[in-house]
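The values are calculated or read from the model by the stated rules, or taken from the named source; none is laboratory data. As the structure is a computational prediction, the values presented were derived from the model and not from experiment. When we count neighbours, we look across all protein chains shown, and the Cβ atoms used for this are built from the backbone with ideal geometry, even at glycine. The protein model used for the area step is the full one, side chains on, heavy atoms only, and it has no ligands, DNA or RNA in it. Shrake-Rupley method; radii C 1.70, N 1.55, O 1.52, S 1.80 Å.
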Amino acid sequence: MANSKYEYVKCFEAEDEVMYPNIIVLQIDGRDFGSFSEKQGFEKPNDEKALNLMNACAIKVLENFSDVIFAYGFSDEYSFVLKKETTFYQRRASKILSIIVSFFSSTFVTKWKEFFSQKDLSVPPSFHSRVISCASMEVLQAYLLWRQTECHTSNLYNTCLWKLVFSGQSEKEAKEILKGTQKQEKNELLFQQFGINYKDLPQIFRQGSCAIKIKVEDIVKYRENGTPVKRPRKKAVIVHSENIATKGFWNNYSCLTEELGLLAEGINKIKPEYLRSFQFESKLMLSTWIVVRIDGCHFHRFCEDNGFQKPNDEQALNLMNSCAVSLLEIFKDIIFAYGVSDEYSFVLKKESLLYQRRSSEIVSTIVSLFTAMYVIKWKEFFPEKEFKEPPYFDGRPICYPSSEILRDYLAWRQVDCHINNQYNTCFWLLVKSGKSRTEAQSSLKGTQTQEKNELLTQFGIDYNALPIMFRMGSSVFQNKDELTGNDEVVVEHCNIIDTSFWKEHPRILDEEEPLLAILRPHSNKMLRLS
């Protein structure tokens, strides 16, 4: 990010490091997946293809992130365990939860057609995520026992429920029949009325699934005589076990004992309330502006792999803008968004109570949904391209206590857009003229705005004549269509520090906390983009 006088706003970014030696578990679960399952026509009580898709995504997470060594999942949730001594993104909770949930969401959409070749995604899937900070191996063991017990309990109930529904009962009647029943009574109901022995149901339904890394011998090359040369490597696989929270299961896999430690012989059932106390959660301060800024992860490589135009790919920027529009259409608490390159900042109204202002839910949901939309919309903007690896983003929440500071945040991001775009425009012109990247960097080192403008003039380019989206970024907000009178989300490219823009859009200024206060003139801080 470029330097500017507005950079002081970075001091409002809170630290959220999960302290060592606590073991980090990331739990993700589907956002409104009951509705999603209905719209996609998933089988009840379990859709094996959907479960296998979840498992495939978990495998991909283990393959992509070496610090994730174990995962357990059932239904629409998955828990990922990171090795004890991980320094993954400096153990920052917001980074960990946003990156993994974004990658999982991206993979879910990318792999959808492998499992549902005849079904299109009618709605974008998205997930919540939260960090569990396990203070000891005993807490981790109790957590895994809790989740597998929940898998069994919910699957037994749902199996009974849907068997009753399929036999002619309404859902309401079926729930009334099951109300207050115990495990044994449900087992008897299945056997006596439907001839089903619960223990004969597929393991994936009853026990959930484990994604784990095992050591295998892999052929790395062949000798001249055709003899294969093998080397040991780790491979992520799916296994099923009746009880994953036991010493016996744990000791079967060396990576678990090596990277985490040993489990106790046995553990008593622990109340969920105790385990929830280890959730690494914070609520964002009331009466503050919430900004969620998302950034592309390893997007330099992603851009190279997909042949994006340099210094700006207009279609890639339009794809980002389209995703931002979708988020404002879905979440009415997002009143404004500003984007440039591979980042977007979403501003939630000051009075927002979205997810009771729980940081992890707000960040993970916005990042997950944005990522899913990015993959779904990819073909609209790049019909001839198939990306090699799933795109994904990180996210962080920031609270700004005053309108003035929020205004300076927006100024910082737009200054950053201008400085970076001017530099990159010069850099790629020099590279395309024959200089190496190192030579281009050396030529631009220490240059100021005027010097860069003079360099561009040598190439016959007036910087101010370049597309305004490249120079000023994109602003997304609700607006009323003058012809129809209907509300619509629009994208505009403008100086968001200049109050004249906001005066032309009084509805934005009249939000519950008027943005006019945010954008009041300060003559000594006006942004100059030329």
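Filter the range 233-260 down to residues that are open to solvent by 20 Å² or more (accessible area, probe 1.4 Å) and either of a type in the set (A, V, I, L, M) or touching a residue at least 40 places away in the same chain (Cβ under 8 Å) (or both), then give me how many there are.
6
When residues of the range 331-368 are filtered for being under 21 Å from VAL415 (Cα atoms) and not hydrophobic (A, V, I, L, M, F, W, C), how many remain?
Adding up the residues that qualify gives 7.
For the range 261-278, what are the residues that are touching a residue at least 24 places away in the same chain (Cβ under 8 Å) and not hydrophobic (A, V, I, L, M, F, W, C)?
If the condition is that a residue be touching a residue at least 24 places away in the same chain (Cβ under 8 Å) and not hydrophobic (A, V, I, L, M, F, W, C), then GLY261, LYS269, PRO272, TYR274 are the ones that fit.
Restricting attention to the range 206-227, report how many residues are among the polar types (S, T, N, Q) and open to solvent by 20 Å² or more (accessible area, probe 1.4 Å).
2
Does LYS163 satisfy being more than 22 Å from ASP200 (Cα to Cα) and either among the basic types (Lys, Arg) or in contact with a Gly (Cβ under 8 Å, 6 or more places away or on another chain) (or both)?
For LYS163, the condition - more than 22 Å from ASP200 (Cα to Cα) and either among the basic types (Lys, Arg) or in contact with a Gly (Cβ under 8 Å, 6 or more places away or on another chain) (or both) - is not met.
Output the residues belonging to the range 265-298 that are more than 19 Å from SER94 (Cα to Cα) and open to solvent by less than 60 Å² (accessible area, probe 1.4 Å).
Residues satisfying the conditions are GLY266, ILE267, ILE270, PRO272, LEU275.
Is at least one residue of the range 388-397 open to solvent by 50 Å² or more (accessible area, probe 1.4 Å), in the same structural domain as CYS297 (by the TED database), within 30 Å of TRP289 (Cβ to Cβ) and not in a helix (DSSP H, G or I)?
no
For the range 178-205: of the residues being among the charged types (D, E, K, R) and in a helix (DSSP H, G or I), which is most open to solvent (accessible area, probe 1.4 Å)?
Among them, the one singled out is LYS199.
Do we have VAL491 as over 26 Å from TYR8 (Cα atoms), open to solvent by 40 Å² or more (accessible area, probe 1.4 Å) and either polar (S, T, N, Q) or at pLDDT 90 or above (or both) here?
Against the criterion (over 26 Å from TYR8 (Cα atoms), open to solvent by 40 Å² or more (accessible area, probe 1.4 Å) and either polar (S, T, N, Q) or at pLDDT 90 or above (or both)), VAL491 qualifies.
Within the range 107-160, which residues are assigned by the TED database to the domain that holds ASN268, of a type in the set (Phe, Trp, Tyr) and more than 21 Å from PRO21 (Cα to Cα)?
Once the filter is applied, which keeps residues that are assigned by the TED database to the domain that holds ASN268, of a type in the set (Phe, Trp, Tyr) and more than 21 Å from PRO21 (Cα to Cα), the range 107-160 yields PHE108, TRP112, PHE115, PHE116, PHE127, TRP146.
Could you pull out the residue among THR425, THR447, THR438, THR457 that is part of a loop (DSSP other than H, G, I, E, B) and either touching a Cys at 6+ places or on another chain (Cβ under 8 Å) or outside the structural domain of ALA56 (by the TED database) (or both)?
It is THR447.
Could you count how many residues in the range 314-353 are open to solvent by 30 Å² or more (accessible area, probe 1.4 Å), over 16 Å from ASN479 (Cα atoms) and modelled with pLDDT of 95 or more?
6
Quick grid of which residues meet (1) under 15 Å from the mean Cα position of the chain (by Cα); (2) within 26 Å of GLU15 (Cβ to Cβ); (3) of a type outside the set (Phe, Trp, Tyr):
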| position | (1), (2), (3) |
| --- | --- |
| ALA324 | yes, no, yes |
| ILE330 | no, no, yes |
| ASP333 | no, yes, yes |
| TYR355 | no, yes, no |
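Pick from the range 417-435 the residues that are open to solvent by 50 Å² or more (accessible area, probe 1.4 Å) and over 32 Å from the mean Cα position of the chain (by Cα): which of them is nearest to MET472 (Cα to Cα)?
So the residue we want is LYS432.
Take the range 118-142 and flag every residue that is open to solvent by less than 50 Å² (accessible area, probe 1.4 Å) and over 23 Å from the mean Cα position of the chain (by Cα).
Once the filter is applied, which keeps residues that are open to solvent by less than 50 Å² (accessible area, probe 1.4 Å) and over 23 Å from the mean Cα position of the chain (by Cα), the range 118-142 yields SER136, MET137, VAL139, LEU140, GLN141, ALA142.
Provide a single number: the residues in the range 441-476 that are touching a Leu at 6+ places or on another chain (Cβ under 6 Å) and open to solvent by 70 Å² or more (accessible area, probe 1.4 Å).
1
Within the range 301-308, can one find any residue that is open to solvent by less than 30 Å² (accessible area, probe 1.4 Å), closer than 22 Å to LEU466 by Cβ, of a type outside the set (Phe, Trp, Tyr) and not in a helix (DSSP H, G or I)?
Scanning the range 301-308 turns up no residue that is open to solvent by less than 30 Å² (accessible area, probe 1.4 Å), closer than 22 Å to LEU466 by Cβ, of a type outside the set (Phe, Trp, Tyr) and not in a helix (DSSP H, G or I).
Would a scan of the range 86-104 turn up a residue that is open to solvent by less than 10 Å² (accessible area, probe 1.4 Å), closer than 19 Å to GLU343 by Cα and polar (S, T, N, Q)?
Yes, that holds for at least one residue.
Please tell me if GLY485 is assigned to a loop (DSSP other than H, G, I, E, B), more than 32 Å from the chain's Cα centre (by Cα) and modelled with pLDDT of 90 or more.
No, not satisfied.
If I go through the range 1-49 residue by residue, how many of them are open to solvent by 30 Å² or more (accessible area, probe 1.4 Å), among the hydrophobic types (A, V, I, L, M, F, W, C) and over 23 Å from the mean Cα position of the chain (by Cα)?
Total meeting the criteria: 1.
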